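Written below as structure tokens is the structure these notes are about.
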Amino acid sequence: MAICSALSAGIAKSCDTNTGGILKMYIADFENVSSTTEVSGEITAISMVGSTKFYEFQFNRNTSSFEETINVSLENGTTFFEQRATLVLSRREKLKREAIKKLAAGQKQLAIIVKDSNNLYWFIGLTDGAILQELSGGSGVAKADANNYQLVFVAQEPAPMPEVDDAIIAAIISI
């Protein structure tokens, strides 16, 4: 019987500041990411098909987020990590409606990179891609209420989301 050694070291308390929220979200067709290079949990290279890029989806401050949870079944011996990115697009309009239709078409697999408020980049859907799983929104009652779309992208991955080296971001996004 094989014995799995889970630990080789502990984790020291960080002295860095820590801030929640996200600053940026970039989305590409999963099929356009031809390869990635990961070293010790960090993606150090991303190759795209032809001249394809990740596209920035802009949102208002303090509206969008991402999270990750582990799902373990002791009975079945299975483990996976569910990664969720929530994108809130303010103001419902035709241009956004058409983009959402493309994101949702045929459970399209997507690759997503988010930049968190600590200026770290994270890749969602690295192995199997993410899909647009939920769409909600509308308009509130009062003038100060939201008029928006809320999109929730979900990936189920075999490992936690890797960090992306910030040095490679500029080369893979469309400006």
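The values are calculated or read from the model by the stated rules, or taken from the named source; none is laboratory data. Remember, predicted model here, so these are calculated numbers, not experimental data. Using ideal geometry, Cβ is built from the backbone for each residue, glycine included, and neighbour counts are taken over all protein chains shown.
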Q.
With the structure loaded, tell me whether S47 is in contact with a strand residue (DSSP E or B) (Cβ under 6 Å, 6 or more places away or on another chain), loosely packed, with under 10 Cβ neighbours inside 10 Å, without any contact (Cβ under 8 Å) to a residue 24 or more places away in the chain and not in a loop (DSSP other than H, G, I, E, B) or whether it fails that test.
A. no
(Q) Step by step: first the residues of the stretch 149-175, then only those that are charged (D, E, K, R) and not in a loop (DSSP other than H, G, I, E, B), then the one that is surrounded by the fewest Cβ atoms within 10 Å (Cβ to Cβ). Which residue is that? (A) D166
Q. Residues of the stretch 62-76 being over 18 Å from M161 (Cα atoms) and in contact (Cβ under 8 Å) with a residue 12 or more places away in the chain, which ones?
A. N62, T63
Q. Is one or more of the residues making up the stretch 158-165 touching a Lys or Arg at 6+ places or on another chain (Cβ under 8 Å) and either of a type outside the set (G, A, S) or without any contact (Cβ under 8 Å) to a residue 12 or more places away in the chain (or both)?
A. no
**Q.** Extreme residue, nearest to D166 (Cα to Cα), among residues of the stretch 35-44 that are touching a residue at least 12 places away in the same chain (Cβ under 8 Å) and of a type in the set (S, T, N, Q)
**A.** T44
Q: Return the residue satisfying two criteria in turn: it lies in the stretch 98-148 and is part of a helix (DSSP H, G or I) and touching a strand residue (DSSP E or B) at 6+ places or on another chain (Cβ under 8 Å), and of such residues it is farthest from S65 (Cα to Cα).
A: Q107
Q.
Please determine whether any residue of the stretch 50-57 is in contact with a helix residue (DSSP H, G or I) (Cβ under 7 Å, 6 or more places away or on another chain), closer than 22 Å to I169 by Cβ, of a type in the set (D, E, K, R) and in a loop (DSSP other than H, G, I, E, B).
A. yes
Q.
Return the residues of the stretch 77-100 that are exposed (fewer than 15 other Cβ atoms within 10 Å of the Cβ), farther than 24 Å from D145 by Cα and modelled with pLDDT of 95 or more; say none if nothing qualifies.
A. T79, E82
